[in-house]
Amino acid sequence: MGLYDRDYTQQNYQASYGYSPRPPFHLRAPSSVVGRLLLINIAVFVLSFLIPPIGSVIYTYGSVHPVNWQTVVLQPWRVITYQFLHAGFWHIFGNMLWLYFMGPVLENLWGSRRFLIFYLVCGAAGGILYPILAFSGWLDVGIMVGASGAVLGIVAATAILFPMVNVYIYGIFPIKLVFIALIALFFSIIAVLSPDRYPNAGGEAAHLAGMATGAAYVFWPLIKTRFKLRSKAGSWQKKIAEYQRLQNEVDRILEKVHNQGIHSLTRSEKKTLKRATKLHRQQYNI
């Protein structure tokens, strides 16, 4: 398996063209959503190649092309449709290869619906980040197509979930999945930071956004759990502090009763005693 990273941002584009158990990275029939994604991508590519006029329309209205804000804001479908368009054979071959091998792992782990949402959101993140960088003047304006953002999101997620799995480059050279993800991340960051040196900086921006989204999706449950635990811990600390203040006040009131009699208590002090008594009964189910 090779990490194919092909240009899909072009100025003159022509439309005609945590450790977990070891996942099953092997040849087999793709799962349902992965199979449909493969079929749609290949069908669109073949149709565009065989019938150039249709391909021209599909690529004109389906690609991400931030030439002006209207093509981004008023045509939001592009951040989804561009993921099913590719610039050439090796571009679609590399993306579909990664999708075929790694997609079923996440789909089987999360379920078809959750995986599909994850896949499209990772790709959409790239379709959003690139126009932002283009409008800011950081990157040149061009046409962007390809599923690489979504696929790199899959790579990031599987690398986090199964970091020590070996992937055999070209079927010969083993390399840990986590290192593949880190290499892809490194080159994407370098390309985005030095766009003048890399002709596919826009595509690398989509890669970076896809990987960041994929990683965030995997880490989010852990972050949310830690936040809840801290929130509960803070709530318990507040309750303990409140109980301690109530206990101190009750001790003061009882001392006052001992020295001055119960008739000396104010209305507020009587309410405090009633509250403490009620809390005591609730605690011991009296």
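The values are calculated or read from the model by the stated rules, or taken from the named source; none is laboratory data. Nothing here was measured: the structure is a model prediction, and the numbers come from that model. Don't worry about glycine lacking a Cβ; one is built from the backbone with ideal geometry, like all the others, and counts go over all protein chains shown.
Confirm whether P195 is modelled with pLDDT of 75 or more and within 23 Å of I154 (Cα to Cα).
no
Limited to the range 106-132, what total is found for residues that are surrounded by 22 or more Cβ atoms within 10 Å (Cβ to Cβ), hydrophobic (A, V, I, L, M, F, W, C) and farther than 14 Å from T213 by Cβ?
Counting residues in the range 106-132 that are surrounded by 22 or more Cβ atoms within 10 Å (Cβ to Cβ), hydrophobic (A, V, I, L, M, F, W, C) and farther than 14 Å from T213 by Cβ gives 0.
Given the conditions (1) part of a helix (DSSP H, G or I); (2) more than 20 Å from W77 (Cβ to Cβ); (3) in contact with a helix residue (DSSP H, G or I) (Cβ under 7 Å, 6 or more places away or on another chain), which single one is not true for P195?
With (1) part of a helix (DSSP H, G or I); (2) more than 20 Å from W77 (Cβ to Cβ); (3) in contact with a helix residue (DSSP H, G or I) (Cβ under 7 Å, 6 or more places away or on another chain) applied to P195, the lone miss is (1).
Filter the range 29-54 down to residues that are among the hydroxyl-bearing types (S, T, Y), within 23 Å of the chain's Cα centre (by Cα) and crowded, with 20+ Cβ neighbours inside 10 Å, then give me how many there are.
So the count comes out to 0.
How many residues are hydrophobic (A, V, I, L, M, F, W, C) and in a loop (DSSP other than H, G, I, E, B) when one looks only at the range 129-162?
Within the range 129-162, the subset hydrophobic (A, V, I, L, M, F, W, C) is 129, 132-135, 138-139, 141, 143-145, 147, 150-152, 154-157, 159-162.
Next, from what is left, pick out any that are in a loop (DSSP other than H, G, I, E, B): 138-139, 141, 145, 147, 162.
Result for the range 129-162: 6.
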